[in-house]
Amino acid sequence: MQDNVFEEIKNLITEARNPASENIDDKTTLEILQIINKEDHTVPGAVEKEIPYIARAVDLLVDVFKKGGRLFYIGAGTSGRLGVLDAAECPPTYGTDPEMIQGIIAGGEKALVRAQEGLEDDPDLGVKDLKERGLTANDVVCGIAASYRTPYVLGAIRYAREIGAKTIFVTCNPRSEIKSKVKVDVAICPVVGPEVVMGSTRMKAGTATKLVLNMLTTASMIRLGKVYGNMMVDLMMTSRKLEERSKRVVMMVTGVDYQEASRVLKLAGGHVKTALVMILAGVDAGEARRRLQAADGFVRKAIEQIREAQKKRSSRKPS
């Protein structure tokens, strides 16, 4: 009698054999790379088809973040590592609290560098890991599983729904196949087809997942006012590179020179957004901070409000 897992995976598109690479073991190095590259070209198109669902997920995330909620990525193997990676990159890029976006991988930190594959079969472990992070109904859990069937992830998703948390699911199998098996608020399903090496979902599925996670957090941060124009303005000056990038952003936006950018950033406590408002609206650091807070952190909105207030004061002065 065949095992249940065998029955589950035998019809998954992520576990299918790719006809374009059936004889790849008989190819030259150049031909192998051409086959891989050609298959990789299909990934952005698969992600593009999911943009309406990604947009729904971003709107959900923004709403949760504005209410003080958190995002928990959870996955096993490659999926888990990608979630941890995306979460880890948000604080230095957008100045977020490390608690705001967290990545959870089956097996914990040691699984990041050494596979702990057997742990993905335990649905209770997913629940345990979320409980240890203090998941509440105000948070959102994003399950990541290329095959959709990972017990660790499904257990976590079920628990999240039970306590009233919002749920997102990222998988590379068709929505039609998973909707009756995985209940979530938003499912994102870029179907990239069979892998070049059968079942190696660190390849196209991993690439698609990385693109989706990039879009989820980047769009959310833009919606939260952490970008001005197309520049990062809420970054943390935690390295020499980020210090110099901060100065360059201030110089590019305002037109001041290097010395002035450095001086104002020091007055702003190293906060790029505060420095921008100080220069562009001609106010001190305290006023810039107050205006940014009143504008929900949006630089453009803060500047507009200051200029509007300045215009009103000017109109009241006797001629």
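The values are calculated or read from the model by the stated rules, or taken from the named source; none is laboratory data. On a predicted model such as this, the values are computed, not experimentally measured, just so you know. Here the Cβ positions follow ideal geometry from the backbone for every residue, glycine too, while neighbour counts run over all protein chains shown.
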- [ ] List every residue pair whose Cβ atoms lie under 7 Å apart, where the two residues are 6 or more positions apart in sequence or sit on different chains, the first residue falls within region 157-178 and is more than 17 Å from P52 (Cα to Cα), and the second residue, located anywhere, is assigned to a strand (DSSP E or B) and among the aliphatic types (A, V, I, L, M).
- [x] I157/V141; A160/V141; A165/V140; A165/V141; K166/V140; I178/A187
- [ ] Having 3 or more residues that are of a type in the set (V, I, T) and either under 18 Å from A208 (Cα atoms) or in the same structural domain as I168 (by TED's automatic domain parsing) (or both) is the bar; report the strands (runs of 3 or more DSSP E) wholly within region 52-153 that clear it.
- [x] 101-105, 140-144
Open item on the list: Among the numbered criteria (1) crowded, with 20+ Cβ neighbours inside 10 Å; (2) closer than 29 Å to A295 by Cα, which one does C189 miss?
Closed with: (2)
- [ ] Evaluate the following for E195: is it modelled with pLDDT under 95 and out of contact with any Leu (no Cβ under 7 Å at 6 or more places or on another chain)?
- [x] no
Open item on the list: Condition check: under 19 Å from G225 (Cα atoms), surrounded by fewer than 21 Cβ atoms within 10 Å (Cβ to Cβ) and of a type in the set (V, I, T). Does V253 satisfy that?
Closed with: yes
Open item on the list: For V283, only one of the following conditions fails: (1) part of a loop (DSSP other than H, G, I, E, B); (2) within 29 Å of the chain's Cα centre (by Cα). What is its number?
Closed with: (2)
Open item on the list: Quick check on this structure: which one of D63, D86, D40 is under 13 Å from the mean Cα position of the chain (by Cα) and of a type in the set (D, E)?
Closed with: D86
- [ ] Filter region 130-162 for residues that are touching a Ser or Thr at 6+ places or on another chain (Cβ under 6 Å) and over 26 Å from A205 (Cβ atoms) and give the result.
- [x] none
TODO: May I ask you to list the residues in region 67-110 that are closer than 21 Å to V186 by Cβ and among the aromatic types (F, W, Y)?
DONE: F72, Y73
Task: Selected residue [in contact with a strand residue (DSSP E or B) (Cβ under 7 Å, 6 or more places away or on another chain) and assigned by TED's automatic domain parsing to the domain that holds L33] from T167, T218 - done: T167
- [ ] Go over the candidates V191, V233 one by one and state the one that is of a type outside the set (F, W, Y) and assigned by TED's automatic domain parsing to the domain that holds G83.
- [x] V191
Open item on the list: Name the residue that is farthest from R70 (Cα to Cα), counting only residues in region 221-279 that are over 28 Å from the mean Cα position of the chain (by Cα) and of a type in the set (S, T, Y).
Closed with: Y258
- [ ] Sort out for me the helices (runs of 4 or more DSSP H) sitting completely within region 190-270 that have 1 or more residues that are within 19 Å of M100 (Cα to Cα).
- [x] 204-223
Open item on the list: Whether any residue in region 6-15 is under 17 Å from V192 (Cα atoms), assigned by TED's automatic domain parsing to the domain that holds V212, crowded, with 16+ Cβ neighbours inside 10 Å and touching a Leu at 6+ places or on another chain (Cβ under 6 Å) is what I want to check.
Closed with: no
TODO: State whether the residues of region 154-162 include one that is outside any helix (DSSP H, G or I) and at pLDDT 95 or above.
DONE: no
Open item on the list: For the condition surrounded by 15 or more Cβ atoms within 10 Å (Cβ to Cβ) and under 19 Å from R175 (Cα atoms), what is the one hit in R56, R70?
Closed with: R56
